Amino acid sequence: MSGRQRFTQVDAFTERAFAGNPAAVCLLPSPADPAWMQQVAREMNLAETAFLVRQKDGFDLRWYTPSVEVDLCGHATLASAHMLWEEQELEPKETARFHTRSGLLTASREQDMIWMDFPATPVEPAEPPPELKAGLRATPRYVGRTKFDYLVEVESEPALRALRPDLGQLTRLPVRGVIVTAQSEQTEYDFVSRFFAPAAGVPEDPVTGSAHCALGPYWGAKLRKSRMVGYQASARGGTVMIQLSQDRVLLGGRAVTVLRGELLH
């Protein structure tokens with residue numbers, strides 16, 4: 001791909017700048033070479049860079065970390081929808097439709113909240129491999145696995161916040177990443193989490209929407225709730241609203257544009 005290409009950087013799952021999870025969003029005039037998209041994502045050096053191409057019934061959407069293309073990403077989808085409405089690529093009440101590796105994903109607006117319709121990725125109990133225990137340096141209360149990740153519940157929110165994992169050990173696991181979670185000790189949240197994906201080029205992700213496709217069903221069953229609020233306790237931090245709907249999970253969040261620029265190559 002050659003010529004100038006505009007991009008927008010959006011902080012997702014937050015209502016203030018410099019918090020939540022940043023994603024770069026590029027609306028392309030036509031499909032681009034995957035190698036070029038990977039190079040751009042490496043240059044952006046954010047957890048995810050999203051690439052959109054308009055179709056007659058929505059947008060093709062692909063997500064790249066600095067090192068790999070991924071199958072599902074929540075915060076860069078939220079950032080993409082936010083950008084499309086803000087740049088008037090979509091009408092204010094129009095639903096955003098994204099064709100992705102994980103099927104059709106949609107996003108709609110309710111005032112300043114964006115709700116995304118994602119597939120649930122339920123958790124099945126799993127035997128923890130040695131690298132997981134050695135990598136987390138914590139005693140798990142529960143270990144499960146989804147189609148993408150390991151999910152580990154630890155004993156408390158303070159234990160979760162104190163984690164200093166051995167990322168070298170976690171890199172050896174045959175999964176995208178490791179979701180670590182605990183019940184929240186704060187009344188405004190139902191649970192807290194952190195997400196480590198060093199094998200995908202993201203040592204710790206600030207806010208992981210797709211992880212909540214597993215966290216929602218997991219905590220919904222434990223707490224007997226269909227509506228919940230999760231907080232991802234990274235350095236930047238972010239809030240994810242959750243509504244369970246059979247085999248789907250509705251993820252709600254806010255977003256803030258922080259940067260607009262142009263790629264020259």
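For residues in the range 121-132 being touching a Gly at 6+ places or on another chain (Cβ under 7 Å) and under 19 Å from residue 210 (Cβ atoms), which is most open to solvent (accessible area, probe 1.4 Å)? Among residues in the range 121-132 that are touching a Gly at 6+ places or on another chain (Cβ under 7 Å) and under 19 Å from residue 210 (Cβ atoms), the one most open to solvent (accessible area, probe 1.4 Å) is 124. Among the residues of the range 250-264, those identified as open to solvent by 30 Å² or more (accessible area, probe 1.4 Å) and in a strand (DSSP E or B) are 250, 256, 257, 258, 259, 260, 262. Here is the figure for the range 87-141: residues that are under 23 Å from the mean Cα position of the chain (by Cα), at positive phi and part of a loop (DSSP other than H, G, I, E, B) total 1. Against the conditions (1) assigned to a strand (DSSP E or B); (2) open to solvent by 10 Å² or more (accessible area, probe 1.4 Å); (3) of a type in the set (Ser, Thr, Tyr), residue 193 satisfies every one except (2). Pairing residues of the range 127-148 that are more than 26 Å from residue 101 (Cβ to Cβ) and in contact (Cβ under 8 Å) with a residue 24 or more places away in the chain with residues that are in a helix (DSSP H, G or I) and open to solvent by less than 30 Å² (accessible area, probe 1.4 Å), at Cβ distances under 6 Å and at least 6 apart in sequence or on separate chains, gives 135/170. Residues of the range 209-227 that are touching a helix residue (DSSP H, G or I) at 6+ places or on another chain (Cβ under 7 Å) and either hydrophobic (A, V, I, L, M, F, W, C) or buried (at least 24 other Cβ atoms within 10 Å of the Cβ) (or both): 209 alone. Taking the range 13-28 as the range and being closer than 18 Å to residue 261 by Cα and among the small types (Gly, Ala, Ser) as the test, the residues that pass are 17, 23, 24. Annotation note: of 12, 23, 47, 41, the sole residue that is touching a Pro at 6+ places or on another chain (Cβ under 8 Å), open to solvent by less than 10 Å² (accessible area, probe 1.4 Å) and either within 19 Å of residue 233 (Cα to Cα) or of a type in the set (Phe, Trp, Tyr) (or both) is 12.
The values are calculated or read from the model by the stated rules, or taken from the named source; none is laboratory data. None of the values given here were measured: they were computed from a predicted structure. Neighbour counts are summed over all protein chains in view; Cβ atoms, including those assigned to glycine, are modelled from backbone coordinates with ideal geometry. The area values use the complete protein model at the heavy-atom level, side chains included, leaving out ligands, DNA and RNA. Shrake-Rupley method; radii C 1.70, N 1.55, O 1.52, S 1.80 Å.
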